[in-house]
Amino acid sequence: MLGRLFARLLIGLLWLLHFLPLPALAALGRGLGALLWRLAKSRRRIALRNLELCFPELDAPAREALAREHFALMGRSFLERGLLWFAPAGRLQKLMHIEGDIGLADRVEQPVMWLLPHFVGLEWAAPALMLEQQTPAVDVYQAQSNEVFDRQMLAGRARFGRSAFVDRHDGIRPVLRYIKQGYGFVNAPDMDFGEKDSAFVPFFGVPACTLLAPGRMAESQKMIVQPLVTTMLPGGQGFRVEACAPIPGYPSGDALADAHLLHAWLEQRIRANPAQYLWVHKRFKTRPPGEPSLY
């Protein structure tokens, strides 16, 4: 009961805050991020360890500065979620700076997989897709433990256009049915989901447990794979959503080679703006047999 009440109060706070101009909301978010840096010690340790593994060329003060900026952006992403949940479409469109061919799926005959790497502004990809093109989308999601938050997150993601959501535990078959009905597939696979249907593929030179399903699905369904990269811009400048060109040679028919290719592409994008990537996730949690934990 207390968890539900707290969730309702927090959602109400986000509703109130969404009326603020973006510069004020961004400043509050950065303040929240500074507070989380002090309080969320376990996540701070994970972020610093990930940065140590992925950027060994940086010294400790540089990695800490990068992690602090990441937490500031995380605080922003949480408070600015109220905009995604409650702001009218017109305001969201003014805040989003769309680059690239966002309407690709409307023009091609093949089904499209929208690949969403876990940058902190990832949630802005949904309104960009649903407001700027017509193809419906199906998304695989991880249900939240708090049912009030779970309902609100799904409602927020489904505000515009036509969307369908498949619980991760229901497997891939419901997704395939939606694809056959003309839906594009929103896929964010760059996390450690365990060894099932995965392989250890270098990510910044460190073996990372990586799903092979994206390449296999794209090949079997003859899909065009279009990455979407979201960037939170400073202060009140809004959010950049880049509809990238399909990755050349992906899929290739070799799922392992595709995973290597995807990591190489993703590393390049992360290095361009490293504080924006989700470093608080244990990306290297699953280890090859016999290797000790990295955390």
**Integer Hz, Karplus 6.51/-1.76/1.60 couplings in order for region 221-238, x for Gly and Pro** = 9, 6, 8, 8, 9, 10, x, 10, 10, 9, 10, 7, 7, x, x, x, 7, x
**Prompt:** Using θ = phi - 60° and the Karplus curve 6.51 cos²θ - 1.76 cosθ + 1.60, what whole-Hz ³J(HN,Hα) does each residue of region 191-198 get, with Gly and Pro shown as x?
**Reply:** 9, 8, 9, x, 6, 4, 6, 10
**Item:** Sorted largest first, extent of region 57-195 alpha carbons per principal axis (Å)
**Value:** 51, 42, 36
**Request:** Would you please give the residues with an amide H less than 5 Å from that of G184, counting only those at least 5 places away or on a separate chain, with H modeled from the backbone geometry?
**Result:** A137, V138
**Message:** Ignoring ligands, DNA and RNA, please state the percent of accessible area on region 148-255 from carbon and sulfur, probe 1.4 Å.
**Reply:** 51
**Message:** Can you give me the Kirkwood hydrodynamic radius for region 1-85, using every pair of distinct Cα atoms, in Å to one decimal?
**Reply:** 14.1
**Fill in**
Given backbone amide H placed at 1.01 Å from N, residues whose amide H is under 5 Å from that of E195, ignoring those fewer than 5 places away on the same chain, are none
**Request:** Roll a 1.4 angstrom probe over the protein heavy atoms and tell me the percent of accessible area of region 19-65 that is carbon or sulfur.
**Result:** 63
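With +1 on the Cβ of every Lys and Arg and -1 on the Cβ of every Asp and Glu, and nothing else charged, how large is the dipole of the chain about its Cα centre, in debye rounded to the nearest 20? Numbers along the way, then the final one.
Values: 34 positive and 27 negative charges, 210 e Å.
For the chain, the charge dipole is close to 1020 debye.
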**Asked** Out of W279, G184, P248, whose Cα points farthest toward the positive end of the dipole of region 182-295 (charges: +1 Lys, Arg; -1 Asp, Glu; placed on Cβ)?
**Response** W279
**Message:** Over the Cα atoms, compute the radius of gyration (one decimal) and Dmax (the largest Cα-Cα distance, rounded to a whole number) for region 144-208, in Å.
**Reply:** 15.2, 40
**Rule-of-thumb Rg ratio for region 72-132 [Cα; 2.2 N^0.38 Å; N residues]** = 1.24
**Request:** Per residue of region 91-101, in order, report the coupling 6.51 cos²θ - 1.76 cosθ + 1.60 (Karplus, θ = phi - 60°) as ³J(HN,Hα) in whole Hz, putting x for Gly and Pro.
**Result:** 5, 4, 5, 5, 7, 8, 10, 8, 10, x, 8
**Message:** What number do you get for the chain when its Cα radius of gyration is normalised by 2.2 N^0.38 Å, N = residues?
**Reply:** 0.99
**Other-chain or far-sequence residues with amide H under 5 Å of G100's (modelled H)** = A243
**Prompt:** For region 1-117, what is the accessible area per residue in Å², given a 1.4 Å probe and the full set of protein chains?
**Reply:** 53
**Request:** Roll a 1.4 Å probe over the protein heavy atoms and report the accessible area of I270 in Å², nearest 10.
**Result:** 0
**Item:** Antiparallel bridge percentage (DSSP; both residues within the chain; nearest 5)
**Value:** 40
**Request:** Pairs of Cα atoms under 8 Å, at least six residues apart: use those to get the relative contact order of the chain, whole percent.
**Result:** 24
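The values are calculated or read from the model by the stated rules, or taken from the named source; none is laboratory data. If you're wondering where the values come from, they're calculated on a predicted model, not measured in any experiment. Cβ sites come from the backbone with ideal geometry, for glycine too, and all protein chains shown count toward neighbours. Note: areas computed on protein heavy atoms with side chains; ligands, DNA, RNA excluded. Shrake-Rupley method; radii C 1.70, N 1.55, O 1.52, S 1.80 Å.
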